[in-house]
Protein chains: 2
Amino acid sequence: MQPIHIGLIGLGTVGTGVAQILQEKAELIAARLGARLVLKRVAVRSLERPRGVPLAGVQLTTEVASLLHDPDIAIIVELIGGYEPARTYVLDALRQGKHVVTANKALLARHGPEIFETARALRRDLGFEASVGGGIPIIRTIKEGFVANQFLGMACIINGTTNYILSRMSDQGLTFQEALKEAQALGYAEADPTYDVEGIDAAQKIALLSSLAFGAWVPQEAVYTEGITRITPLDIGYARELGYRIKLLALANLRQGRLDVRVHPALVPARSWLANVGGVYNAIVIHGDMVGRNMLIGRGAGALPTGSAVVGDIVDVARNILNNSTGRVPPQAYHTPEARSLPLQDIGELVCKYYLRFQVLDQPGVLAAIAGILGQHAISIESVIQKGRGSAKDDTVSVVMMTHEAQEGNLRHALAAIAAVPSVRGETVCIRVEETEEAEAQ
Amino acid sequence: MQPIHIGLIGLGTVGTGVAQILQEKAELIAARLGARLVLKRVAVRSLERPRGVPLAGVQLTTEVASLLHDPDIAIIVELIGGYEPARTYVLDALRQGKHVVTANKALLARHGPEIFETARALRRDLGFEASVGGGIPIIRTIKEGFVANQFLGMACIINGTTNYILSRMSDQGLTFQEALKEAQALGYAEADPTYDVEGIDAAQKIALLSSLAFGAWVPQEAVYTEGITRITPLDIGYARELGYRIKLLALANLRQGRLDVRVHPALVPARSWLANVGGVYNAIVIHGDMVGRNMLIGRGAGALPTGSAVVGDIVDVARNILNNSTGRVPPQAYHTPEARSLPLQDIGELVCKYYLRFQVLDQPGVLAAIAGILGQHAISIESVIQKGRGSAKDDTVSVVMMTHEAQEGNLRHALAAIAAVPSVRGETVCIRVEETEEAEAQ
């Protein structure tokens, strides 16, 4: 049976999972592929470090060049993450005639056009299923399964760290800091959690998914991004009272020829699909004009789920090698993606419902003042919750409002005016409500 | 741009959807595929019937042979359903060198080995994504995305008709007959609903999915099958009181080298993923040893969702035609599926929890008699609900029990003995409880 040789760069969590799967599942994969996948060389930073996986017959090296220039090796798997030297390795591998499989969403979100164009021009395969949603087959679904669809929108929970933190805050009443510490202790959050909790990781992923689904490059910088650091148990509690859960969503919608891409915490109806995706699970609701709404749920991280996606890509490339059909599916989903361009919608133009929490002195006329200013800015109120003291440590009370659909630009002007009302104290909490995407599913 | 010509057999609901998509999405598909899909000929039973879709430039014919022998046509799409003449058309098309795309699960569940082997031996492509779960990309996920996994199990809602009926019974308190009539009026159920409500359609689908996932042919006749016709609002109500919903599940599990495949109504925990899949949606929970549990949800029927899957398969085949790589993925997922054989588990060997409802005369000692017989058969009781009269029209009362895990063979012996107890009236209701698969997701 024909062997196909693989070179792996990086033996961290996912790299170890990939090495384990390639070895443990060799027979099973051979029966399905009709060829043997052989892990030939692994490039690591240090040869001394103990490895969590047996590597019998595998050459460990610190020289990445020895993989890139090994004529036996057909597929390079890049799992070191980050921008450089990952970018150089990937481009060099493609230019050496290798196919590349990577889980590096940061790299693709920043250098996607260069890397996709290089792979396309050289007709090399570039697999990156593992870069979004761990083991969830979303890239394949966009590029292949749903190829007959104009995509209309996506609503995703694609950061497991923040979903774990919000689930713990919601289920156990923990503060953000408490839930973060717990996530760090369990290895679900990094020592420096910025990328996850500020929404940057989710923004990289939704930028990449949008580029594939809509066929026009969406730079990560164009994604409006808000993290979860200011979410409090108080707001989670009010949201629950109103019939909602708070989730960090990554959203992309095509509306009247313009693309609206954003990452922020949002209230989702408690009975919706996304509200019930807890813990470290990821979920992606994807809306095609023919297929309607589909949702895919699975583990968004971890050595084996992510390794499963990497090896799925390796098999895909191997099938192309065996059939001389590399470049069969264009890396960025379209044959001529550069020909497409879509204007992006500014966050100020967004129209949705909003959850607002004002901290006010318990004085006559405050509610009237707030409602009056909202009215002047064309924002109408759907419901109000006002409770007695006790919810805050100072002498203020919470006034919680759900608005009807309003334009964000108007809302921001209104909130600026409300901040100048003397009885209003502190910063007003404002969280978007997302209920169009999943409400129909019940 | 190179054209790829398609011949379509059958212009019913799905055929009309496919014709519509091929025409409306021609530009979009060309941009992604790099070639034009051209619907050249459509075979119908009568040329007179009005069509729901414009067919400019398409040759309508009643002669299927004119498609099968047209040298321009590379792909035959079979959408007439049923066993014959569909089987003959599909086999003839393959032998004429055509690739085939079909949505016909009945055909594949019965004649799969013959059709798969013909396609494999001739290295022709055979696409059948639309045969299970409408637009949901489950076949592709099993054969490609999750190729690195030994599959451990599946739990599916794959019949939209019964899911709609059970949802209406659950939400509105309708009887089975009332909900069925409503489903028929809305076009969700056939005039003769047997295939759907008796679980046969779901059994065909789970047989097919099992054959792909486990690589050994599972004949539909080997699938233990129970429908939903005996489910009552009374049991739905008790299940709800116990924290469960009733769904028609199609299940396949690999346990100690044996395959357990079955279709029956089951109690699922109210907070589980599957419990919250309502209406006409389908959902498939699939468990791979590397990727863990994933769930895919989407519309399980309808012209456009199912058409989306058919056209996805057509594009897949077209990519193989353009790259001379037909036969790239073996139709039955394994290169040598005939080499694999898995013994099937008998339903009597099943171990799970059971929901039981006895109708008994309200007399002293009845509960003791039932509990005693269960105990003699090694069945222990987790909880009991017994209420006063009013729930039944006769002079009996309901005694509802949830058992701990028990073996079905033992349970059947116990139920036979209980039926002989004088105070027990009518047939005991027995519904399996399925909670292992989805409980962890919350």
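The values are calculated or read from the model by the stated rules, or taken from the named source; none is laboratory data. Model, not experiment: these values are computed from the prediction. Glycine gets a Cβ as well: all are built from the backbone with ideal geometry, and neighbour counts include every protein chain shown.
What to note about this one:
- Candidates in segment B:306-349 are the residues that are more than 8 Å from chain A (Cβ to nearest Cβ), assigned to a loop (DSSP other than H, G, I, E, B) and under 22 Å from the mean Cα position of the chain (by Cα); of these, the one that is surrounded by the most Cβ atoms within 10 Å (Cβ to Cβ) is B:Gln332.
- Checking A:Val360, A:Val400 one by one, the residue that is more than 14 Å from chain B (Cβ to nearest Cβ), over 31 Å from the mean Cα position of the chain (by Cα) and buried (at least 20 other Cβ atoms within 10 Å of the Cβ) is A:Val360 and no other.
- Counted residues, segment B:35-53 - those being more than 32 Å from the chain's Cα centre (by Cα) and modelled with pLDDT under 95: 2
- The set of residues in segment B:140-155 being farther than 10 Å from B:Ile284 by Cβ and either within 9 Å of chain A (Cβ to nearest Cβ) or in contact with a Lys or Arg (Cβ under 7 Å, 6 or more places away or on another chain) (or both) consists of B:Arg140, B:Lys143, B:Glu144, B:Gly145, B:Phe146, B:Val147, B:Ala148, B:Asn149, B:Gln150.
- Test result for A:Asn282, more than 8 Å from chain B (Cβ to nearest Cβ), touching a Gly at 6+ places or on another chain (Cβ under 8 Å) and either under 19 Å from A:Gly160 (Cβ atoms) or at pLDDT 95 or above (or both): yes
- Matching option when the condition is out of contact with any strand residue (DSSP E or B) (no Cβ under 9 Å at 6 or more places or on another chain), at negative phi and assigned to a helix (DSSP H, G or I), among B:Ala189, B:Ala183: B:Ala183
- Filter pass, B:Lys143 being closer than 30 Å to A:Arg32 by Cβ, in contact (Cβ under 8 Å) with a residue 24 or more places away in the chain, within 19 Å of the chain's Cα centre (by Cα) and not assigned by TED's automatic domain parsing to the domain that holds B:Leu39: yes
- Qualifying positions in segment A:127-147 - assigned to a loop (DSSP other than H, G, I, E, B) and more than 19 Å from B:Asp316 (Cβ to Cβ): A:Phe128, A:Val132, A:Gly133, A:Gly134, A:Gly135, A:Ile136
- For A:Val101: the one exception among (1) at pLDDT 95 or above; (2) more than 25 Å from B:Asp289 (Cα to Cα): (2)
- Selection from segment B:313-339 of residues that are closer than 24 Å to A:Ile136 by Cβ and in contact with a strand residue (DSSP E or B) (Cβ under 8 Å, 6 or more places away or on another chain): B:Asp313, B:Val315, B:Asp316
- Test result for B:Leu180, over 18 Å from the mean Cα position of the chain (by Cα), buried (at least 22 other Cβ atoms within 10 Å of the Cβ) and not polar (S, T, N, Q): yes
- The single condition among (1) within 28 Å of A:Ile76 (Cβ to Cβ); (2) assigned by TED's automatic domain parsing to the domain that holds A:Ala202; (3) crowded, with 24+ Cβ neighbours inside 10 Å that A:Gly187 does not satisfy is (3).
- Selected residue (only one of A:Ala333, A:Ala368, A:Ala301, A:Ala339 is at pLDDT below 95 and under 25 Å from A:Arg425 (Cβ atoms)): A:Ala368
- If the condition is being in a strand (DSSP E or B), in contact with a His (Cβ under 9 Å, 6 or more places away or on another chain) and not charged (D, E, K, R), then segment A:34-86 contributes A:Leu37, A:Val38, A:Leu39, A:Ile73, A:Ala74, A:Ile75, A:Ile76.
- Residue match in segment A:119-126 (condition: over 15 Å from the mean Cα position of the chain (by Cα), buried (at least 23 other Cβ atoms within 10 Å of the Cβ) and closer than 22 Å to B:Asp313 by Cα): yes
- Segment B:48-64 residues that are surrounded by 16 or more Cβ atoms within 10 Å (Cβ to Cβ), paired with ones that are of a type in the set (S, T, N, Q) (beta carbon under 6 Å, 6 or more apart): B:Val53/B:Thr16; B:Val53/B:Gln20
- Of all residues making up segment A:274-298, the number that are crowded, with 24+ Cβ neighbours inside 10 Å, within 21 Å of A:Phe176 (Cα to Cα) and among the polar types (S, T, N, Q): 1
- Scan of segment A:82-114 for residues that are under 21 Å from A:Ala222 (Cβ atoms) and within 20 Å of the chain's Cα centre (by Cα), ordered by number: A:Tyr83, A:Asn104, A:Lys105, A:Ala106, A:Leu107, A:Leu108, A:Ala109, A:Arg110, A:His111, A:Gly112, A:Pro113
- Candidates are the residues of segment B:1-33 that are without any contact (Cβ under 8 Å) to a residue 60 or more places away in the chain and part of a helix (DSSP H, G or I); the one that is surrounded by the fewest Cβ atoms within 10 Å (Cβ to Cβ) is B:Glu27.
- Answer residue from segment B:248-273, given it is within 14 Å of chain A (Cβ to nearest Cβ) and under 25 Å from B:Gly348 (Cβ atoms) and is surrounded by the fewest Cβ atoms within 10 Å (Cβ to Cβ) among those: B:Leu254
- For B:Ser272: the one exception among (1) over 19 Å from B:Met295 (Cα atoms); (2) outside any strand (DSSP E or B); (3) in contact with a strand residue (DSSP E or B) (Cβ under 9 Å, 6 or more places away or on another chain): (1)
- Test: residue in segment B:148-156 that is assigned to a loop (DSSP other than H, G, I, E, B), assigned by TED's automatic domain parsing to the domain that holds B:Ile284 and crowded, with 24+ Cβ neighbours inside 10 Å: yes
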